[in-house]
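Data first, discussion second: the structure below is written as structure tokens.
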Amino acid sequence: MPVPWDLPAPEAGPVVRPNAAGLGRSELGLLLTSLGESAWRGGQILSGLLRQRWTRWEQFSNLSKPLRARLESEVDLIWPVIVQSQPSADGSTKHVFDLRDGRQIEGVHMPYEDRVTLCLSSQVGCAMGCTFCATGQMGIIRNLSAAEIVGQVVSMLEHHAHPQDRPVNLVFMGMGEPLHNFAHLMAAFETLTDAEGMAIPPRRITVSTSGLVSGIDLLGTFARRPRLALSLNGTTDEDRSRIMPVNRVWNLEALAQALGRFPLQSGERITIEYVLLKGVTDRQEDGRRLAAFARRFPAKVNLIPFNPHEGSGFEPPEEARIGALCRLLSDAGLPVSVRRSRGQDVAGACGQLVRGGQSRHPKSH
Ligand code: SAH
Ligand code: SF4
């Protein structure tokens, strides 16, 4: 039986004018060549866009005046626009971005002492249909373009007047399954890590997947790639298949094997994310099976107490359960952390990123 993620997700509509925002260095080079300029100037534009965060051609003081005028008349410079920002008591801010087709996505800015972590969306909606996840309930609407992924970073950093030298971590833990939007994800990764642009080190970028084995294997073939996190969330095939339909295609054994053959750099670990659902995934036996799963390859475990949302039918775990599981896992020799969800009071914590009023089938069939 075909499953939704066997099919490519729909793409953004056709582009009428080129948009330089979000293009990689080589694409910018091609664009410049088509204007009769040298391709190497692509690096200058990338630097202006991502390092200086210039948003108007007239600001590009590293380009000649005639070239700026030419770009002004022929090339757009459009990032996704932040239309709403909700600060939370813990210092994080949930941002709503408006895309050019009226769709909306969300991203979260989380400042820490030594860095800023940005939680990014990769798709509008999600095809994976996990039952505990608000985004999963929307279904898939479309992929984000590379520009829309990179744009979340630029717009959030600009909004918060981020200083150039402060490290930035990126986590693809917002809306969507990043490995279901593989090509645009990797194009965005190339742009964000480019030395002439923001130069974010690849190890500061983490892609979280629900367990698309085909995507994990493909990611493993790239020498330069983001780090990998797997959302496990279930420790028997029966339990996991019930809450994560992808498990009916690639079960726990297939997943463990894929993670076991994923080529890691020295010291690198795969993050196992594990959402604690009261009475469903937070039992002591779950902890034991989770430990056994995570010991099959270099891993660290991140326990995520469920963030409740309207109509999910699940509840967050009790504090005592979180503590007990945390101890069990560290006694088993695994590095373990508990993700105290940030932004919970503004519905910006993971798994709560859903935009109201969007449906998979705008016109019902
Ligand atoms: N689609 C990818 C990345 C986005 S979801 C994935 O599933 O990994 C990011 C994380 O949020 C995943 O670990 C997911 O299991 C978790 N999550 C989803 N809904 C949640 C909720 N309501 N409460 C807590 N975590 C949730
Ligand atoms: Fe999609 Fe991740 Fe939500 Fe599952 S948990 S529906 S894969 S966003």
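Please treat every number below as a calculation from the coordinates, not as lab data. Fair warning: this is a prediction, and the values are worked out from it, not measured in the lab. Glycine gets a Cβ as well: all are built from the backbone with ideal geometry, and neighbour counts include every protein chain shown.
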How much mean residue ellipticity at 222 nm does the chain get from its helices, if each DSSP H run of length 4 or more adds -39500 (n - 2.57) and you divide by all residues, to the nearest 500 deg cm²/dmol? -8000 deg cm²/dmol
Taking Cα atoms, the helix 146-159 axis meets the longest principal axis of the chain at an angle in degrees (rounded to 10) of 90 degrees
Place the peptides 148-154, 87-93, 20-26, 169-175 in order of packing, highest mean first, counting for every residue the other Cβ atoms within 10 Å and averaging per peptide. 148-154, 169-175, 20-26, 87-93
In degrees, nearest 10, range 0 to 90: what is the angle between the Cα axis of helix 319-331 and the longest Cα principal axis of the chain? 90 degrees
